[in-house]
Structures are given as C-alpha cells and as structure tokens.
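The structure appears below as structure tokens.
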Number of protein chains: 2
Amino acid sequence: MKSVSNSKRVFSVAPIGVIHSPFKRMKDCPFQGARTATVGEIVLKERFLPALKDLDGVSHLYLLTFMHSANRKRLQTVTPYGPEIRGTFATRSPHRPNPIGLTVVELLKIDGCRLRVRGVDCLDGTPVIDIKPYNPYIDAFPRAVVGWYEKVKGKGERKIDRSVSKLVK
Amino acid sequence: MKSVSNSKRVFSVAPIGVIHSPFKRMKDCPFQGARTATVGEIVLKERFLPALKDLDGVSHLYLLTFMHSANRKRLQTVTPYGPEIRGTFATRSPHRPNPIGLTVVELLKIDGCRLRVRGVDCLDGTPVIDIKPYNPYIDAFPRAVVGWYEKVKGKGERKIDRSVSKLVK
C-alpha cells in the first residue's frame, strides 16, 4: 500500500538559512513568539533570492525552523502553565518527534536575502527550513479553541517543574 | 560560527503517520484546504498514542505534511490566480526547497490514533510529520495582508498556465 510505504520513508530537510535572535540559550527563549515584540533577522542563503520575489507587501510570515536541540523521543510534556502532563501533539513544545518550529512573525523589512521580523521566539542560529506568506483567508481562525489552555491561561506562565518533567513518557 | 554550521546541516524527518483524503491525483487537490469542507482522516502510528493526550478539546490543528512528490528546485512559480511569476516563498506552492505542507484543519473526532478532520487539501497517503494545536492567541492574525493576493483574489482561481510555468526559475 502506497500510504504505508510513504509512512516508512525518511525525508531530508536542508536549511534555507538561519534566524538571528537575541536568545543565546534555550532558557532565554520566550514561550510564544507572537506574544513578544522581539525583533530578529532571517538570513537566507543567496541562492534563494529569486524565491523572495513578491514578498514585499506580505505583512506576516509563517517561519518554519528546525529545532535541532530538541528531544525527539518526548511524547508527553509539562508546559509553562501548570504541573499537568500533556500530550506533546496537544502542545507547542519544541520537544517532539519532528521538531519543526512554527511561528507567525511580522515582516518589517527586506534587504536582499535578509528579512527583519518581529515576534521571534527562536534560539539564535536556529536553522530556517521554510517561510510562507500568512494569508488570513485560510490561516486566521479567531474562534479556535485549545481546551486545556483555556482552563489554565489565567494562571500565568511559570517555570517548568523539572521534578514533574521526569515523569513524562 | 555556530549559525553557519547549523545552516549547512541536513536534518531528517520521519513520518508520524499518513493522511487519507479523497484526492488520488495531484490535480484533484484543492488549492487551499481551509476553504474546502473536505473531510479526511489522519492515521498516526500506534506508538504516538500517548502524545495525543489532551487533544480532545482542541478545535483546530496545524497539519504538517511532507509533500514528497514536490519539485524542490523550484524558486519561482505560477499560482492559480494569474499568469504572473511569483517567488516561491511568497506563495503556498507545494513546490519549494523543503516541501512541508501546512494546513489548518478542524478536528472532528478522535478514535485512538485516528483523527477525523475537515479542511483537507492533501493527496491521499501524504506523510504526516507533525500536528500542533492551533491557538488563536498566537496564530490568528485576521488583519494580515498578502499584497499580491489582495490584487488578484477577485479574479477567481483558474488552471495554472503550464506554458508560463516553463519560464520560472
């Protein structure tokens, strides 16, 4: 069956560039980029310049990164919102089987292959694997709900409890 | 420099499952999933069951796929909205250096490792590489603008002009 063979293949991703940010250590990174005003710079490889045509006029981008320092075996995790153990796929934890980071950033300036963006949450030097225009007609769902998050968001963020972390699968 | 070495590394992604959809050929796929009501089923590998904890109560998911049939050398493309040649990174074309598909889908039902979702635009059997909860607090930007799209969206979609396709870089 085609679908089975596809699910057994391993694919490669090659960085198209890196992101420069003020965050030098994992613990410095904010939990969600879009809630910060942190400015960073995406530096793409020169050969991708033709792929940036028409990017002027795009206000927001999906920034896809490869979080190369992640633990890829983590199936459950503890979030900054409480001691509960959550399923990895119900969270945005960087520690996941394929640690692809997804952040919506605001595009501020294009200078050749350098893109100045706001809303960065990545470690400095994180490999960038794709950028896509954010199109509100297909990407904005203001009434979407994340059930567990709705219950805890009022509690505010706190440091992840490492003693609980040890219990996750 | 750490950032340079990161940008030269190649990373691997291993499918966590596949998506089943009614679209058997590339040309059957709609241009954007979120604008369709097409229902499909994500079938994850059994070992990822613990990672699905807390997914009930999540209304919308980011579905990340690997579009394994894509042309990864394509830096410019022709969209369904007109004859103009656009930079790949300013479009959602599947043909891009790292062909990671990103679609917001509505989660309808969870049955073990099978997730019934609405808003599918993928080819049947496409490898799924990640799912993430869509959180409107960080993901919904209703006022975002894609400049070139705003100018052409009224024209409606049409078949891609393959004669123009030949001219792209």
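The values are calculated or read from the model by the stated rules, or taken from the named source; none is laboratory data. Since we're looking at a predicted model, the values are computed, not measured. Don't worry about glycine lacking a Cβ; one is built from the backbone with ideal geometry, like all the others, and counts go over all protein chains shown. SASA here: full protein model, heavy atoms, side chains in, ligands and nucleic acids out. Shrake-Rupley method; radii C 1.70, N 1.55, O 1.52, S 1.80 Å.
Using θ = phi - 60° in the Karplus curve 6.51 cos²θ - 1.76 cosθ + 1.60, the 3J(HN,Hα) couplings for the range B:75-83 round to 9, 9, 7, 10, 9, x, 9, x, x Hz; x is entered for Gly and Pro. The charge dipole of the range B:2-137, taken about its Cα centre with unit charges on the Cβ of Lys, Arg, Asp and Glu (plus for the first two, minus for the last two), comes to roughly 620 debye. Averaged over peptide B:121-130, the number of partner chain Cβ atoms lying within 10 Å of each residue's Cβ comes to 4. A probe of 1.4 angstrom, applied to the heavy atoms of all protein chains, finds A:C113 with accessible area near 10 square angstrom.
How crowded by other chains is A:58-64, given as the mean number of beta carbons from other chains within 10 Å of each beta carbon? Don't skip to the end; give the middle numbers.
Values: counts 9, 6, 5, 4, 5, 0, 4.
Mean inter-chain Cβ contacts per residue within 10 Å come to 5.
Report the charge-dipole magnitude of the range A:28-94 in Debye, nearest 20, computed about the Cα centre from +1 at each Lys and Arg Cβ and -1 at each Asp and Glu Cβ.
Details: 9 positive and 6 negative charges, 80 e Å.
In total the dipole reaches around 380 debye.
Averaged across B:40-49, how many Cβ atoms of other chains sit within 10 Å of each residue's Cβ atom?
Working: counts 0, 0, 0, 3, 2, 3, 0, 2, 5, 3.
Partner Cβ neighbours, averaged per residue: 2.
Buried area at the A:B interface is about 7500 square angstrom, summed over both chains, from accessible surfaces computed with a 1.4 angstrom probe.
In order along the range A:107-113, the phi-based Karplus estimate (6.51 cos²θ - 1.76 cosθ + 1.60, θ = phi - 60°) of 3J(HN,Hα) comes to 7, 9, 7, 10, 9, x, 9 Hz; Gly and Pro are listed as x. For the peptides A:137-148, A:81-92, B:125-136, residues were scored by their other Cβ atoms within 10 Å and the scores averaged per peptide; the highest-first order is B:125-136, A:81-92, A:137-148. Couplings 3J(HN,Hα) of the range B:119-131, computed from phi: x, 7, 10, 8, 5, 4, x, 5, x, 9, 10, 6, 10 Hz, in residue order, whole Hz [Karplus 6.51 cos²θ - 1.76 cosθ + 1.60, θ = phi - 60°; x for Gly and Pro].
Summarising the amide proton neighbourhood of A:T126: residues at separation of 5 or more, or on other chains, whose placed amide H is nearer than 5 Å comprise A:I19.
When the gyration tensor of the range A:88-148 is built from Cα positions, what are the square roots of 5 times its three eigenvalues, in whole Å, from largest to smallest?
23, 18, 10
Could you sort B:S69, A:S21 by their accessible area in this structure, using a 1.4 Å probe and putting the largest first?
Numbers: B:S69 65, A:S21 10 Å².
In descending accessible area the options line up as B:S69, A:S21.
Measuring heavy-atom accessible area with a 1.4 angstrom probe and counting protein chains only, the residues of the range B:97-115 that give up at least 50 Å² relative to the chain alone are B:N98, B:I100, B:L102.
The other copies place their B:S69 label points at 4.0 nm from this one, listed shortest first, where each point is 7 Å from Cα along Cα→Cβ.
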